Amino acid sequence: MLLKSPTRPKLSFCFAPQGDCDQYCALIPGLPEDLAKICLALVPRTHFPVMGGVSKRWMSFLESKELIAVRKEVRKLDECVYVLTADSRAKTSHWEILGCQGQKNTPLPPMPGPTKAGFGVVVLDGKLIVIAGYAADHGKECVSDEVYQYDCFLNSVQIQNNTQVLNILPNVGPTHLSSDSAEVNGVIYVAGGFGPSGDSLSSVEVYDPEQNKWTLIGGLRRPRWGCFGCSFEGKMYVMGGRSSFTIGNSRFIDVYDTNSHAWGEFRNGCVMVTAHAVLGEKLFCIEWKNQRSLAIFDPADNSWQKVPVPLTGSSSTRFSLGTHDGKLLLFSLEEEPGYQTLMYDPAAPKGSEWCTSKLRPSGLCLCTVTIKA
């Protein structure tokens, strides 16, 4: 057999001005653009921070939502649980990544600016976004219109360079406090809450990342605060919380259809929800009056199912909910020595849905989100 020596691909030279070279050069010289993107997406996430320094083209791709689409196509998505954890005596807090692959919990640098509380949290295109709330600095509280964004792909390089991980988006965002936030079809919705004057609100603001712009849409049927939002089948559900026209908490569920741009409602919700999480096509809630029971909402027929929470692993009566690998996590909100995180598997055979998980925050869990990227 006659063997030919391998031929090297012809190098493509860039004759664009030096400042614009990155814009016109190929992502990887000698490879088609789509194949080059697959090659970059196949690299382990731990190398992304270094890769971002290769060129502006590479950094632009690593920051784009297309990276997640390519990683999903080549089955390289990783799932991590991010937890807002209370520090000693719950006076301060920090974000950390739970060790989902048997690793230790990894802390994130603090958010920039003054300490914030009462904010909304959503995940958009693999990024953790902290919305509005209020700033509490030296005993003075004021409503915040700032929105912070954390990029999970570039987390390592930010830590290594000792710079802020969270970048401030345009300060033209919502002025809501104790509002609810949700991502629906790539758009962020912020509904209800308190305004700067302390009055409860019915207004709804929307952030479109494609236009980098906040806009007002049709508001809720009644003012609402302390509520929560979630996304089901292209619609936004607003549940729980209180209204200026009710004594106690509201059972009304407001539903916003993003196609018809109209609000609807039905009277079949929970009251005084202390924790919630969306898993698959169902919503899991814990009510204040019954902490040892899960209330599971199925939007297909607007029905609720109650599932008792066992005492296995923890005798806590207060939980924060999270999700990982298709299972529900129940993090204790009470300091118990040696407690274990409860885990509920809705796909397990009847009688074996409950077990414990090794995933555990370093302190009390105040908030949690799951990011697949």
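What pairs come out if I take residues in the range 323-336 that are among the β-branched types (Val, Ile, Thr) and pair them with residues that are part of a strand (DSSP E or B) and at pLDDT 85 or above whose C-beta lies under 8 Å away, six or more apart or interchain?
Matching pairs, first to second residue: Thr323/Val81; Thr323/Ala277; Thr323/Val278; Thr323/Leu279; Thr323/Leu329; Thr323/Thr370.
Taking strands (runs of 3 or more DSSP E) that fall entirely within the range 87-194, which contain at least 2 residues that are at pLDDT below 60? Break it down into steps so the answer makes sense when it comes.
On the way: elements: 93-97, 120-124, 127-131, 134-137, 140-143, 147-151, 166-168, 180-184, 187-191.
Answer list for the range 87-194: 166-168.
Can you tell which of Pro6, Pro17, Pro49, Pro44 is in contact with a helix residue (DSSP H, G or I) (Cβ under 6 Å, 6 or more places away or on another chain) and either at pLDDT 80 or above or loosely packed, with under 10 Cβ neighbours inside 10 Å (or both)?
On the way: Pro6 fails: in contact with a helix residue (DSSP H, G or I) (Cβ under 6 Å, 6 or more places away or on another chain); Pro17 fails: in contact with a helix residue (DSSP H, G or I) (Cβ under 6 Å, 6 or more places away or on another chain); Pro44 fails: in contact with a helix residue (DSSP H, G or I) (Cβ under 6 Å, 6 or more places away or on another chain).
After applying the criteria, what remains is Pro49.
Out of (1) at pLDDT below 80; (2) within 13 Å of Ile188 (Cα to Cα), the odd one out for Tyr207 is which?
(1)
Here's a check for you: in the range 52-75, which residue that is in a helix (DSSP H, G or I) and aliphatic (A, V, I, L, M) is surrounded by the most Cβ atoms within 10 Å (Cβ to Cβ)?
Filtering the range 52-75 for residues in a helix (DSSP H, G or I) gives 56-63, 66-73.
Within this subset, residues satisfying the condition of being aliphatic (A, V, I, L, M) are 59, 62, 67-70.
Details: Met59: 17, Leu62: 22, Leu67: 20, Ile68: 19, Ala69: 12, Val70: 18.
Of everything passing the filter in the range 52-75, Leu62 is surrounded by the most Cβ atoms within 10 Å (Cβ to Cβ).
With respect to Tyr82, determine if the residue is crowded, with 19+ Cβ neighbours inside 10 Å, at pLDDT below 80 and in a strand (DSSP E or B).
Details: crowded, with 19+ Cβ neighbours inside 10 Å: yes; at pLDDT below 80: no; in a strand (DSSP E or B): yes.
It is false that Tyr82 is crowded, with 19+ Cβ neighbours inside 10 Å, at pLDDT below 80 and in a strand (DSSP E or B).
Take Leu27 and tell me if it is modelled with pLDDT of 90 or more, outside the structural domain of Gln103 (by TED's automatic domain parsing), out of contact with any strand residue (DSSP E or B) (no Cβ under 6 Å at 6 or more places or on another chain) and within 22 Å of Asp125 (Cα to Cα).
Values: modelled with pLDDT of 90 or more: no; outside the structural domain of Gln103 (by TED's automatic domain parsing): yes; out of contact with any strand residue (DSSP E or B) (no Cβ under 6 Å at 6 or more places or on another chain): yes; within 22 Å of Asp125 (Cα to Cα): yes.
The answer is no for Leu27.
For the range 318-356, give me the residue count where each residue is small (Gly, Ala, Ser) and either surrounded by 20 or more Cβ atoms within 10 Å (Cβ to Cβ) or touching a His at 6+ places or on another chain (Cβ under 7 Å) (or both).
Result for the range 318-356: 3.
The values are calculated or read from the model by the stated rules, or taken from the named source; none is laboratory data. This structure is a prediction, so every number in the text was calculated from the model and none was measured. Glycine also receives a Cβ, built like all others from the backbone with ideal geometry; neighbour counts cover every protein chain displayed.
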